[in-house]
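Undergrad: Following this message is one structure expressed as structure tokens.
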Amino acid sequence: EAKKSGPGRYRFYSPTLDDGSDQQLAIERRLREALDNNELVLHYQPVVDLESGRPTGVEALLRLPVPGREPLLPHQFMPAAESAGLVGRLGEWVAREACRQHQAWIAAGLPSMSVAINVAPQQFRQRSFVSQLADSVRNCGMDPSCLQVELKESTVLEDVPDTIAALQELRALGISVALDDFGVGYSSIGLLSTLPIDKLKIDQSFVNRIGQDAKSQAITDTVLALGRSLHLQVVGEGIESEEVFDYLRDQGCDQAQGYFFSKPLSAEAFEHWYRDSYAPAASLH
Ligand code: C2E
Ligand code: MG
Ligand code: MG
Ligand code: MG
């Protein structure tokens with residue numbers, strides 16, 4: 001089957017291909033090409049407020065389109081981006097594009113919602129990171145409080161004093177900060193209380209085992225309690241069933257995202273999803 005698509009594409013996705021370096025090079029080439037030609041794509045997954053049941057924002061998720069097949073997902077191209085030193089360029093593009101899209105939705109009549117972007121450690125550690133983000137926000141006229149940065153626990157733990165300084169700068173600009181995949185890392189409660197952050201996103205490996213595995217449920221409950229005592233919002237990731245949705249809402253979890261609400265969507269599909277599900281009847285034509 002792979003052979004039919006020709007030698008140029010074969011290298012991208014043959015799961016049996018052993019020559020990893022060849023595949024890495026093909027992906028690296030495609031990444032550079034997509035950056036140069038502005039062919040990267042963001043998909044957007046709705047984030048829903050559990051109390052009201054309404055979307056409060058989206059998370060932007062990067063995709064690498066490849067001619068003739070499904071776009072590549074971050075786990076398929078981020079390793080190549082890292083080894084090729086392209087993470088900074090990708091991150092800059094993501095920030096600019098997410099801000100641009102946020103403003104485009106407002107221009108199209110959608111309410112102002114938050115947009116979250118994922119930031120890799122290599123991007124977060126760049127000296128120019130905060131000022132670049134500030135430029136992206138300012139250049140498109142976006143309300144900075146609508147932008148959220150998602151960092152993994154491991155990213156913030158790398159160099160705590162520098163991290164705290166950068167997070168303070170972000171929040172001084174009005175940009176909010178979430179700890180992503182929370183619970184799988186190693187932050188101590190003491191450290192967590194010193195970090196200027198706004199949100200914890202409970203890792204989906206715990207959330208999607210609620211109702212099946214007592215330990216995962218206990219970890220979820222603990223993160224919710226921690227969030228309450230530190231005055232942080234808590235978001236459940238990877239909600240796939242009504243059972244998990246009900247559980248998180250009943251436990252006072254603030255927000256949630258997952259296939260139960262929607263898969264990540266193209267910008268256009270998100271707009272349709274929003275209008276179909278949530279736009280008040282009066283504003284429909
Ligand atoms: P993440 O930030 O934790 O994003 C959530 C991931 O879970 C997304 O995968 C999303 O498609 C998936 N997901 C959402 N709901 C469900 C569900 O109900 N069930 C299941 N099984 N999965 C669900 P995706 O898009 O493949 O992204 C994976 C990771 O790649 C992200 O995890 C994030 O760490 C990273 N990533 C994505 N976009 C970017 C980016 O622009 N820059 C950087 N540096 N990293 C990115
Ligand atoms: Mg994320
Ligand atoms: Mg996550
Ligand atoms: Mg609440």
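The values are calculated or read from the model by the stated rules, or taken from the named source; none is laboratory data. Not measured: the values here are computed from a predicted model. Accessible surface areas use protein heavy atoms only, side chains included; no ligands, DNA or RNA. Shrake-Rupley method; radii C 1.70, N 1.55, O 1.52, S 1.80 Å.
Undergrad: Using the heavy atoms of the protein chains and a 1.4 angstrom probe, tell me the accessible area per residue for the stretch 60-145 in square angstrom.
TA: Value returned for the stretch 60-145: 44 Å² of accessible area per residue.
Undergrad: Considering only protein heavy atoms, with the full assembly of protein chains and a 1.4 angstrom probe, order Lys215, Lys199, Lys263 by accessible area, largest first.
TA: Lys215, Lys263, Lys199
Undergrad: A further question follows. With springs only between Cα atoms under 10 Å apart, run a GNM on the chain and tell me which of Asp250, Asp181, Asp203 wobbles the most.
TA: With Cα springs under 10 Å in the chain, the top fluctuation among Asp250, Asp181, Asp203 is at Asp250.
Undergrad: Using only helices, what value at 222 nm comes out for the chain when you add -39,500 (n - 2.57) per DSSP H run of length 4 or more and divide by the total residues, to the nearest 500 deg cm²/dmol?
TA: My calculation for the chain gives -14500 deg cm²/dmol from helical runs alone.
Undergrad: Let me ask something else about it. I need the shape label for the chain. Rule: rounded when a/c is under 1.5, else prolate if a/b > b/c, else oblate, with a, b, c from the alpha carbon gyration tensor. Before the final figure, lay out each step's value.
TA: Details: a/c = 1.33, a/b = 1.27, b/c = 1.05.
Since a/c stays below 1.5, the shape of the chain is classed as rounded.
Undergrad: While we're here: First compute the accessible area of the chain with a 1.4 Å probe, then give the percent of it belonging to carbon and sulfur atoms. Spell out each step's value before the answer.
TA: Values: 7000 of 13950 Å².
C and S fraction of accessible area: 50 percent.
Undergrad: If you don't mind, another one. Of Glu240, Glu59, which has the most accessible area with a 1.4 Å probe, and how do the rest follow in descending order? Could the numbers behind the result be given before it?
TA: Numbers: Glu240 110, Glu59 10 Å².
Of Glu240, Glu59, the descending order of accessible area is Glu240, Glu59.
Undergrad: Cα axis of helix 74-83 to longest principal axis of the chain: angle in degrees, 0 to 90, nearest 10?
TA: On a 0 to 90 degree scale, this one is about 70.
Undergrad: Further, regarding this structure: Return the ratio Rg/(2.2 N^0.38 Å) for the stretch 14-157, where Rg is computed over Cα atoms only.
TA: 1.12
Undergrad: Let me cross-check Tyr278: its accessible surface, 1.4 Å probe, with only protein heavy atoms counted, in Å² to the nearest 10?
TA: About 40 Å², ignoring ligands and nucleic acids.
Undergrad: Compare Tyr247, Tyr274 by solvent-accessible area with a 1.4 Å probe and give them largest first, with all protein chains kept in place.
TA: Details: Tyr247 45, Tyr274 15 Å².
If we order Tyr247, Tyr274 from most to least accessible, we get Tyr247, Tyr274.
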